[in-house]
Every structure is written in C-alpha cells, then in structure tokens.
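The values are calculated or read from the model by the stated rules, or taken from the named source; none is laboratory data. These numbers were taken from a predicted model, which means no experiment stands behind them. Note that each Cβ is placed from the backbone with ideal geometry, even for glycine, and that neighbours are counted across all protein chains shown. What goes into the accessible areas is simple: the full protein's heavy atoms, side chains included, and nothing from ligands, DNA or RNA. Shrake-Rupley method; radii C 1.70, N 1.55, O 1.52, S 1.80 Å.
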Amino acid sequence: MNDFWQLVVSGLANGSVYMLVALGFSLIYKASGVLNFAQGELMMVGAYVCFWLISSLNLGFWPALVLTMVFSLTFGYALETVFLRRMIGESTFSVIMITLGFASLFRSLVGVVFGTVEKGFPTPLDGLDYRIGGVILWQTQVWAIIVAFGIFAGFLVFFRYAKIGLAMRAAAEDQDVARLMGININQIFALSWAIAAMVGSIAGIFSADLSFLYSQMSLAGLKALPAAILAGLDSVEGVLLGGLVIGLVESLAGGYFGGPAHELAPWLVLLLVLMVKPRGLFGSSEIKRV
Amino acid sequence: MSRSGNYHTNYGQEISIFRTPGQKAWLALLVAGLVAFPFLAGNYYIYVVNFALISVIGALGLNLLTGFTGQISLGQAAFLAVGAYATALLSSHFHWPFLVTIFLAALVTMVIGLVIGAPSLRLEGLYLAIATMALYFIVAYIISHWNSLTGGPYGIKVPPLQIMGLKFDNNFKLYFLLLSFVAGSVYFVANLARSRTGRAFVAIRDRDIAAEAMGIDVARYKILAFAVSSFLAGIAGGLYAYLVGVIAPDHFTFEVSIQYIAMIIAGGLGSIEGAILGAFFISLLPEVLRFVTGSLAESFPVFSGNFLLLREAAYGLVIVVFLLLEPAGLYGIWRNLRNSWETFPYKYR
C-alpha cells in the first residue's frame, strides 16, 4: 500500500509541474488562439537561466529566482511583441510552425551554450525529507504542490478581481468588443506570453529540482500538452485538474505497468480525449467533425 | 515575348505537362545537368545529394498531405521510421529482393498512415497536429523499445542493395537509382495533383464544407491523402535504410518531423517545385553550416563541437525566418523573380 501512496505523491508533484506548464498553454491559447509549442522550451530556458545565475554568477537562490522571473517575463513579452505579433491573422499552420521553429531553436541553443550533460539543480530545498507512515515525501515535492496550487489560486483571484485580469478575460471572450471597450489587445497578447513564460520558468525550476537539469527536459514539458487538452485548451480553471490527473495517470501507470506505460500513458490519454471529447473536460469551443 | 493565347491543336497537347518548346528545352537541359552531375562532382557531394534525393520523395509526400490537402501532420518521422524498419526487417530476415522489400515496406507504412490519419476525420488544424504528434511519440517509443523486433536502441543492419545481381555499392550507381525513383515520384505526384483527386485535395484545404457540399467525399480523400503521403514516406524511409546501411531509432527523432516541415515551408507550401527546392535546400544546409562553423571555429570556439545542435538550431531558424519574411518559400521567391523578368519594364502584366 505504501507503494501506491508513494506513486501518488510523485504523481501529484509531477502533476503540479504539468499544471504550471499547462497554465501557460491555456493562457496563451485563451488570449490569442495560438498554441505555443515552445512552452516546454520556455520552461527549460527559465530553469537554465536560474541555474546559470546561481552557478556562474554565484548568486543566492532567492535573488536568482527573482531575476529569473524578471528575465522570463521580459523574454515572453519580447517573443510575442517582436515575432508572434507579425503572425496575427496568418493560418493556423504557420503559427504552429513558427512556435515549433522557436522550440527547435531554443532547445538547440540551450544545448550549445550550456552543454548536454545533466546537472543537478541547487535549491534550498535539497536534502530535507518528510516521512509520513511508510511514505517518503521530498521537500521539493511538497513545495511543488503547494506553490502550484498557490499560483493557481493567485490566478483565479487575478482573473476575477484585478483590472488587467478582467481585461484578459474580456479579450479572450470577444476581441472586437474588448477593443471597443478600450482594452489594448496587443498588450494583452504580450502579457499572456510574459506570464506564460514566467509560470513556465517556475515549473522548470521545480522540474529540474525533482529530477535534474538536462537539455531534453522541454520534451518532458511537452507532456503538459495532454494536461491542457484534458482540461480543455481554453479553460484556465480546468488546468488544475488536468495537470494532476496526467501526473497521477503517468505515475500510477508507470508503477503498475512498467516503463512503457509511464511514457505512453499521457499520449494515450491525449488521443482518447481528442477522439471522444476534443473540447476537454471544461473547454468550450467547438471542434470540427467530418 | 512570353506565352500568350492558347494554340493547342489536339487534346494530347493540352494535357501534357510541358507544353511549349521553351519548357521542353529547359527540361532537356535539366535532365542533361542531372545526368552529368555525378561525373563532375566528387564522391562526397554525390553522397550528400543522394540524401537530398531521398528527402525529395518524403517532402513530396508531406507536401501532398499538408500543402495540397491542408492536413497538418507532425508524424512524418514516424512514417519514415516504419518504412526504414520494415525494409530492414524484410531484407535482413527474408532476404527478399530490393524492389519487393521497398514496395512491401511502403504498403506497411501506408497502413500506419491510415492509423495516424484516422484522427483527421474528426480533428482539424491545431488538434490534428497534436494528435499526429502524440501518435508519432507512440510509434517512436514502440520502435525504440520493441527490442526483439527492432533491435531496440542498437537498430538493424541492412544488407547491401542489389537488383538482379547488379550491385549498387557506390554512391555513383545509387545516385542514378535514386534519381529514377525521384523522377517517378515527381511524375506521379504531378499527375495526381492535376487529376480529379488533386483538385479534391485542394478543395478540402480551401473550404472543406464547400467541398462536401459540392459532392466531394471529404473523409475518403483525407484518408487517401494520408495513404499516398505515407506510401511515399515509406519509400523514402526504405531507400534511406539501404543508403545508410544501419538504422537506429535516433535517425527518426521528432526533429526529423520538424526538418521535413522546414523543407515544405522553405520550399513553398502547396507546390511540387517548392517541395523539391525545399528538400534540396534543407538537405544541403548542413554542408553550408559545416563550412560556416568550420571557418568560424577559430574565433568562436563554441561552434566547434556542437554541429548536430547547431544544425537543429538552423532548421528552427529557417522555419522562423521563412514564415516571417517569405511565407511562399523559395518557390515564391523564384516566381516573383520570374514574373518581374517577364513583365519588365512593367510591374505587372
């Protein structure tokens, strides 16, 4: 029975990471209708930048974290403003492909600059564990879950009460009317990318701490895509459930059915969702059927 | 003086691909150039061009699927992998002749294509891209972990290529073999594009609801598009297996899917000439990159070790740059140049 709870714990922790990355997917999709295939790479870039600040510039963890947040906000903002804005109105294919192109570019540049060897990620959370019953909980896992829920709750508050949050919801619901009401849609797009990058960085740092820092970790971030689809691509609220479910499914499948199940389970869930209920659990848009 | 008016005197003239004497002259020149190339170029360059020829076949298939029919597929690498592995298994276990293994491997790939294409009946655009990506990951995982069948991470060795006793053991002979395969594929795809099926494909891309309303069976033609596209990719994969001699899962990573999409974007979506141009451009890009990083390696040591990663970065950069600056690709650039030349000194006809 302990094994089961152990799997549940690691599933929840990984699921929290997926939840944060999926939050990024959702934000960008809801605001501008773009699926950012480079979200995993944004996660990776954030983690590597933080690592570089800590290891090369010898900053403490907390200053490095703050700087990484600032960097990722700027990076996401710049990406949208400089590149994605020109793609407004282009076909879906072009927009998907440009984000895939960026994904490829970032993935390889990070590998070139930082090398492809795996590195451990230094955080103040290393080395301390809790033990409840027979189950070991890493401090990182506990904090990953707490932080993810906290960020999620923060976003719910932000979207409900903050002026900018309301503006983003308005823009997501009806762009033209939002424009008429005086909302600067371009700023909303850029802001959604900035926030997605920042949330991705946090996810990346936790992911690196839960396992290690390596240049293919963006592919692990891509597993958040099943979480976003399960939740419904335009449902920011559903991402909580989507991320946790995928994390749990992956962990339990891997524990009970072995390695292949761990790798394939998220993708099989994705395909199941797409074939049966493409709009996901909480999504709202119509998906075409032939 | 450019072509004007319609001077065909029989139906045969009207439906031929090369209509004017000028076009036929250029065609003859192209054929002469292609035949002369291996006599003039060094062995290494023939080797590089052989890979380019194989990717032309794959790019033609993907262009048919994405450029003509509008079905976004990120699973091209899965098709290539299935074609390559099927060929490798059939030739190394059963020792069947080359043409048989290639054909059967392409059939197997077509079946996988139907599986990967099945979501296209329910999904569109973004969701189809995601579904094909998920199916790619599943296929790739199966291939790299089904050790008893596929040799796992170590791959399979492929016997050398021979047709009826004639051994194709150097790049020179392989070039002509590949050239004939490419010529056949281009001929096939060009005629398909001009036929009723091709028109149905384009109609589905442009407005599938209207196509259905006009009586085009959209489901059937979508399946057909995936089938033909994966058949071609299967041939490309099989030829790749014979060319390389040993195939392993790392030859078919997700980056390969992105590479093929870079080919059709850089070449120009929806045109056969574009697919050919794009395939050559992306295949020859690493050579240019090798040259550039080689000469820069002294001043910037970061360039010296990371060739594979830089190549991947280059593919990403090509996609981004072409989509931002010239979405019609190299063929679009060529068409604009040709039009400016033909209409000079006017801006348009």
### Task
Filter the stretch A:123-139 for residues that are open to solvent by 50 Å² or more (accessible area, probe 1.4 Å) and not acidic (Asp, Glu) and give the result.
A:Pro124, A:Gly127, A:Leu128, A:Tyr130, A:Arg131, A:Ile132, A:Gly133, A:Ile136, A:Trp138
### Task
Provide a single number: the residues in the stretch B:265-286 that are within 13 Å of B:Arg335 (Cβ to Cβ), surrounded by fewer than 21 Cβ atoms within 10 Å (Cβ to Cβ) and within 14 Å of chain A (Cβ to nearest Cβ).
0
### Message
Looking at A:Phe37, A:Phe71, A:Phe25, can you tell me which residue is over 21 Å from A:Lys119 (Cβ atoms), part of a helix (DSSP H, G or I) and among the aromatic types (Phe, Trp, Tyr)?
### Response
A:Phe25
### Qualifying positions in the stretch B:305-346 - over 20 Å from the mean Cα position of the chain (by Cα), within 11 Å of another protein chain (Cβ to nearest Cβ) and open to solvent by 70 Å² or more (accessible area, probe 1.4 Å)
B:Leu308, B:Leu325
### Query
Hey, among B:Gly113, B:Gly117, B:Gly184, which residue is open to solvent by 20 Å² or more (accessible area, probe 1.4 Å), out of contact with any strand residue (DSSP E or B) (no Cβ under 7 Å at 6 or more places or on another chain) and under 19 Å from B:Ala227 (Cβ atoms)?
B:Gly184
### Query
Is the stretch B:18-39 home to any residue that is buried (at least 16 other Cβ atoms within 10 Å of the Cβ) and closer than 23 Å to B:Pro160 by Cβ?
yes
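Counting only residues that are open to solvent by 10 Å² or more (accessible area, probe 1.4 Å) and touching a Ser or Thr at 6+ places or on another chain (Cβ under 7 Å), how many does the stretch B:120-130 have?
Looking only at the stretch B:120-130, we keep the residues that are open to solvent by 10 Å² or more (accessible area, probe 1.4 Å), and these are B:121-122, B:124-127.
From the residues that got through so far, the ones that are touching a Ser or Thr at 6+ places or on another chain (Cβ under 7 Å) too are B:125-126.
Count: 2.
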### Message
When the residues of the stretch B:153-181 are narrowed to those that are of a type in the set (A, V, I, L, M) and more than 15 Å from the chain's Cα centre (by Cα), which ends up surrounded by the fewest Cβ atoms within 10 Å (Cβ to Cβ)?
### Response
B:Met164
### Query
Out of the stretch A:48-87, which residues are surrounded by 19 or more Cβ atoms within 10 Å (Cβ to Cβ), within 22 Å of the chain's Cα centre (by Cα), farther than 25 Å from A:Gln216 by Cβ and within 14 Å of chain B (Cβ to nearest Cβ)?
A:Glu80
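Rundown of residues vs (1) under 24 Å from B:Gly267 (Cβ atoms); (2) of a type in the set (Val, Ile, Thr); (3) touching a helix residue (DSSP H, G or I) at 6+ places or on another chain (Cβ under 9 Å), yes/no style:
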residue	(1), (2), (3)
B:Ile54	yes, yes, yes
B:Ala59	yes, no, yes
B:Leu65	yes, no, yes
B:Phe79	yes, no, yes
B:Ala88	no, no, yes
B:Ser91	no, no, yes
B:Pro97	no, no, yes
B:Ile102	no, yes, yes
B:Arg122	no, no, yes
### Only one of B:Ser180, B:Ser195, B:Ser144 that is at pLDDT below 95, of a type in the set (S, T, N, Q) and touching a Pro at 6+ places or on another chain (Cβ under 6 Å)
B:Ser144
### Message
For the stretch B:232-246, check the following and say yes or no: at least one residue is in contact with a strand residue (DSSP E or B) (Cβ under 8 Å, 6 or more places away or on another chain), in contact (Cβ under 8 Å) with a residue 24 or more places away in the chain and among the aliphatic types (A, V, I, L, M).
### Response
yes
### Query
Which one is nearest to B:Leu123 (Cα to Cα) among residues in the stretch B:190-221 that are small (Gly, Ala, Ser) and within 11 Å of chain A (Cβ to nearest Cβ)?
B:Ala219
### Task
Scan the stretch A:216-234 and give yes if some residue there is out of contact with any Lys or Arg (no Cβ under 9 Å at 6 or more places or on another chain), modelled with pLDDT under 85, surrounded by fewer than 22 Cβ atoms within 10 Å (Cβ to Cβ) and part of a loop (DSSP other than H, G, I, E, B), otherwise no.
no
### Summary
Residue pairs qualifying under the 7 Å Cβ cut-off, at least six apart or on distinct chains, with the first in the stretch B:310-332 being in contact (Cβ under 8 Å) with a residue 40 or more places away in the chain and the second being of a type in the set (Asp, Glu), are B:Glu312/B:Glu255; B:Tyr331/B:Glu273; B:Gly332/B:Glu326
### Message
For A:Ile145, only one of the following conditions fails: (1) open to solvent by 50 Å² or more (accessible area, probe 1.4 Å); (2) in contact with a Ser or Thr (Cβ under 6 Å, 6 or more places away or on another chain). What is its number?
### Response
(1)
### Message
Condition first: open to solvent by less than 10 Å² (accessible area, probe 1.4 Å) and part of a helix (DSSP H, G or I). Now tell me which residues in the stretch B:67-79 satisfy that.
### Response
B:Gly67, B:Gln76, B:Ala77, B:Ala78, B:Phe79
### Message
Testing A:Leu240 on (1) among the hydrophobic types (A, V, I, L, M, F, W, C); (2) within 11 Å of chain B (Cβ to nearest Cβ); (3) touching a helix residue (DSSP H, G or I) at 6+ places or on another chain (Cβ under 7 Å), one condition comes back false. Which one is that?
### Response
(2)
### Task
Return yes when A:Met181 is open to solvent by 10 Å² or more (accessible area, probe 1.4 Å) and under 27 Å from A:Ala13 (Cα atoms) and no when it is not.
no
### Query
Scanning for something open to solvent by 30 Å² or more (accessible area, probe 1.4 Å), in contact with a strand residue (DSSP E or B) (Cβ under 8 Å, 6 or more places away or on another chain) and assigned to a helix (DSSP H, G or I), does the stretch B:196-211 turn up at least one residue?
no
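How about the stretch A:86-114: which of its residues are in a loop (DSSP other than H, G, I, E, B) and modelled with pLDDT of 80 or more? Spell out the reasoning first.
Step one: list which residues in the stretch A:86-114 are in a loop (DSSP other than H, G, I, E, B), which gives A:88-91.
Listed by number, the residues that qualify are A:Ile88, A:Glu90, A:Ser91.
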### Task
Name, by its number, the condition in (1) buried (at least 19 other Cβ atoms within 10 Å of the Cβ); (2) within 14 Å of chain B (Cβ to nearest Cβ) that does not hold for A:Val113.
(1)
### Query
Does the stretch A:88-102 hold any residues that are of a type in the set (A, V, I, L, M), touching a residue at least 40 places away in the same chain (Cβ under 8 Å) and facing another protein chain (nearest Cβ under 7 Å), and which are they?
A:Ile96, A:Leu100
